[in-house]
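Let me begin by presenting the structure, written as structure tokens, before commenting on it.
The values are calculated or read from the model by the stated rules, or taken from the named source; none is laboratory data. For clarity, every value in this text was computed on a predicted model and none was experimentally measured. Every residue, glycine among them, receives a Cβ derived from its backbone with ideal geometry; neighbour counts consider all protein chains shown.
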Amino acid sequence: MIDPSGFPLPRLDPKQADRHSASGPPDRRAFLTRVASAALAGGLSPGLVRGEPGRGSSSQGMFAAVQIAPANLLDEGIERCLDLLQADASINTLLCYSHTYHLNGVGPANVLADHGLPMASNRERRLPSRWVRHDHAAFKGQTIGHQQIDGTLEYGDRDALAEIVSATQRRGMKVHARILEASMQAKGRLPGYECVATVKIDGRPGGGPCWNHPAYVEWLVATVAELFRAYPLDGFQFGAERVGPLSRVLFSGATPECFCLHCVARNKQRGVDAERAKAGFAALQQLIRGLEAGGATPADGVLVSVFRVLMQYPEVLSWEREWFAADEEIGRRLYGAVKGLAPNAQFGRHIDHQRSSWDPIYRAAVDYGQIADNCDYIKPILYHDVLGRRMRWWAVERMQARVFADFTRDDTLQALYAMLGYDGQREPGLDELDSRGMSPEYVFRETRRTVAGAGGKAHVYSGIGLDVPWHLPDGGMEVIKSDPETIVAACQRAIDAGASGLVASREYDEMTLSSLRAFGRAVNSLTPRGAANAGRVATTR
């Protein structure tokens, strides 16, 4: 089988995969058999298996989704949780994790929202990192496998995604599986994952998988294909929350990566000399580390010195370009895998906060038009509340100590506002960033930019932040309570800017009832401009 991008799709052996259809589409008989088995085990209500009508009715109209983990639904009870989401937040779509390998840790109890049931931090629990039944034969011979699930893990005996999909189907709701790229901290749960790690400029293993490593790409494609063979999903969303080596060294002082054999080979094919690229990145790293150590500012200033290195070593920019080209190729492969098995399913891209809201290098490397070529929707993170602190401590403080050392902190903030297209008169000043977030106008401007970039090739579903906590330096988290009226205004401004839908973000277990209800009020009062609010964009690919 060939996907629309021209790449072969992995095919399962039907003799070894009794729950799968050998012809490609989801085997619904096997799916219903698993649902019935779950019901007999006490996981589902008898009425669900019989297909009796649900208690609630899903919100119809525009795409209104929530980001949620299976553990939340199982903890609160699937039916009870769906009742709350439909009645209070007018949700009609779940962006539900199928795998949670990306989590370095989970939120402490102090940031979990009270939904009327006892709350417990997941940090002390042994939960699975995958919530689906995988046929391990599909990964036979591959470098990377999947976590083995056994009875020692809480909910290890449940096919969570099967239960959730069945419950939502009964209510007329939709489910998009969601995967965020696994961090290298997941290697203990992912056999062989350490083999695909990036390589730093000094030869040490890096902090994530290499986008050019064929074993990593094959594993991702096989994983997504497995999902759509096994479950009748309405869509899939993928995201990689990483930037490139140039942003790493200039903004954070981190060691640049990836310089593995696969990246060297890719760049060589495109005429990019690896040794010169390494020399250029090394020169930038030396410049930045000198500033971090308290060294003197170069006579020509930091920015001019950075530009001089880039002129002397244009291979640096070429290397950065190829890094993101590999990321977009993965998006194209996954899009093809989904469409090859479920042509009507929506394929979406998650754009994380640094990429969407404060990294001009990423903006220069990848435009939304490129992303829209291989997806049905783009979901940019637009967390207005927490962006105040993120802008101060993750952008201004880091950049002003390095690449923007020629500027004051206030000048750095205003320069970022100007480069990113934000209204410096409307948004918080430097001394206000800790006490108030960005305004709904920020949501409008970022949504408008995404819509313009997509150019009608893909929908834009704005990710509105509800009660997103702030990460403290000691590893803890601090609650940032969202104002309900500001949530309504942010949703309104997203629709004003051309969004086709809204996503309640970051995580359901952080969202207070008052914030969920504000999101629901907004959904019920708004109508996106344009046709086919929740459908695919009409385009010839």
Say we look at the range 226-260 and pick out the residues that are aliphatic (A, V, I, L, M) and assigned to a loop (DSSP other than H, G, I, E, B); which of these is nearest to residue 409 (Cα to Cα)? 254
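Could you say which residue among 466, 526 is at negative phi, out of contact with any His (no Cβ under 6 Å at 6 or more places or on another chain) and modelled with pLDDT under 95?
Working: 466 fails: modelled with pLDDT under 95.
When all the criteria are applied, what remains is 526.
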Please state which of the following conditions residue 357 fails to meet, knowing it meets all the rest: (1) in contact (Cβ under 8 Å) with a residue 60 or more places away in the chain; (2) under 26 Å from residue 473 (Cα atoms); (3) surrounded by fewer than 23 Cβ atoms within 10 Å (Cβ to Cβ); (4) small (Gly, Ala, Ser). (3)
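If we keep just the residues of the range 109-126 that are crowded, with 17+ Cβ neighbours inside 10 Å and in a loop (DSSP other than H, G, I, E, B), which is farthest from the chain's Cα centre (by Cα)? Spell out how you get there, then give the answer.
We begin by selecting, within the range 109-126, every residue crowded, with 17+ Cβ neighbours inside 10 Å; these are 111-113, 115, 122.
Filter again for in a loop (DSSP other than H, G, I, E, B), leaving 112-113, 115.
Values: 112: 20, 113: 22, 115: 25 Å.
The residue in question is 115.
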Determine which single condition residue 227 fails, assuming it passes every other condition in (1) over 19 Å from the mean Cα position of the chain (by Cα); (2) within 14 Å of residue 179 (Cα to Cα). (1)
Looking only at the range 380-432, filter to residues that are without any contact (Cβ under 8 Å) to a residue 60 or more places away in the chain and β-branched (Val, Ile, Thr); which one of those is surrounded by the fewest Cβ atoms within 10 Å (Cβ to Cβ)? 408
Apart from one, (1) among the β-branched types (Val, Ile, Thr); (2) farther than 30 Å from residue 335 by Cα; (3) in contact with a Pro (Cβ under 7 Å, 6 or more places away or on another chain) all hold for residue 152; the odd one out is (3)
Of the conditions (1) crowded, with 20+ Cβ neighbours inside 10 Å; (2) closer than 25 Å to residue 214 by Cβ; (3) not aliphatic (A, V, I, L, M), the single one that residue 269 does not satisfy is (1)
Qualifying residue in the range 291-313 (condition: farther than 30 Å from residue 222 by Cα and of a type in the set (Lys, Arg)): yes
Residue under question is residue 305, and the condition is that it be in contact (Cβ under 8 Å) with a residue 12 or more places away in the chain and more than 25 Å from residue 67 (Cα to Cα); does it hold? yes
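Taking the residues in the range 331-346 that are part of a helix (DSSP H, G or I) and farther than 17 Å from residue 368 by Cβ as candidates, determine which candidate is nearest to the chain's Cα centre (by Cα).
Narrowing the range 331-346 to residues part of a helix (DSSP H, G or I): 331-341.
When the remaining residues are screened for being farther than 17 Å from residue 368 by Cβ, the result is 333-334, 336-341.
On the way: 333: 17, 334: 14, 336: 19, 337: 18, 338: 17, 339: 20, 340: 22, 341: 22 Å.
Within the range 331-346, the match that is nearest to the chain's Cα centre (by Cα) is 334.
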Just checking: which of the helices (runs of 4 or more DSSP H) contained wholly in the range 369-486 hold 1 or more residues that are among the β-branched types (Val, Ile, Thr) and in contact with a Pro (Cβ under 9 Å, 6 or more places away or on another chain)? 384-389, 440-454
Output the residue which, of all residues in the range 134-148 that are of a type in the set (A, V, I, L, M) and over 24 Å from the mean Cα position of the chain (by Cα), is nearest to residue 179 (Cα to Cα). 138
Can you tell me which residue is farthest from residue 434 (Cα to Cα) among those in the range 370-395 that are aromatic (Phe, Trp, Tyr) and more than 15 Å from the chain's Cα centre (by Cα)? 394
Near pairs, Cβ below 7 angstrom, 6+ apart or cross-chain, from the range 157-169 (in contact (Cβ under 8 Å) with a residue 40 or more places away in the chain) to any residue that is of a type in the set (Phe, Trp, Tyr) and in a helix (DSSP H, G or I): 162/31
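Kindly provide the set of residues from the range 347-368 that are assigned to a strand (DSSP E or B) and touching a helix residue (DSSP H, G or I) at 6+ places or on another chain (Cβ under 9 Å), ordered by number.
Within the range 347-368, 347, 349, 351 qualify.
Is at least one residue of the range 278-285 more than 22 Å from residue 314 (Cβ to Cβ) and of a type outside the set (Gly, Ala, Ser)?
Residues of the range 278-285 that are more than 22 Å from residue 314 (Cβ to Cβ), as a first pass: none.
Looking for residues that are more than 22 Å from residue 314 (Cβ to Cβ) and of a type outside the set (Gly, Ala, Ser), one finds none in the range 278-285, hence no.
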Sort out which residues of the range 291-310 are surrounded by fewer than 13 Cβ atoms within 10 Å (Cβ to Cβ) and within 33 Å of the chain's Cα centre (by Cα), and write them in order of number. 292, 307
Among the listed residues 244, 208, identify the single one that is surrounded by fewer than 22 Cβ atoms within 10 Å (Cβ to Cβ) and in contact (Cβ under 8 Å) with a residue 12 or more places away in the chain. 208
Residue check: is residue 454 within 21 Å of the chain's Cα centre (by Cα) and small (Gly, Ala, Ser)? yes
Would you mind finding the one in 522, 489 that is surrounded by fewer than 21 Cβ atoms within 10 Å (Cβ to Cβ) and assigned to a helix (DSSP H, G or I)? 489
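Would you please name the residue that is modelled with the lowest pLDDT, looking only at residues in the range 230-270 that are within 23 Å of the chain's Cα centre (by Cα) and hydroxyl-bearing (Ser, Thr, Tyr)? Outline the logic, then answer.
Here is the first cut: in the range 230-270, the ones within 23 Å of the chain's Cα centre (by Cα) are 230-249, 251-252, 254, 256-258.
Narrowing further to those that are hydroxyl-bearing (Ser, Thr, Tyr): 231, 247, 252.
Numbers: 231: 97, 247: 97, 252: 94.
Checked the range 230-270; the qualifying residue modelled with the lowest pLDDT is 252.
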Scanning the range 311-328 for residues that are under 18 Å from residue 263 (Cα atoms) and without any contact (Cβ under 8 Å) to a residue 40 or more places away in the chain, the one surrounded by the fewest Cβ atoms within 10 Å (Cβ to Cβ) turns out to be 314
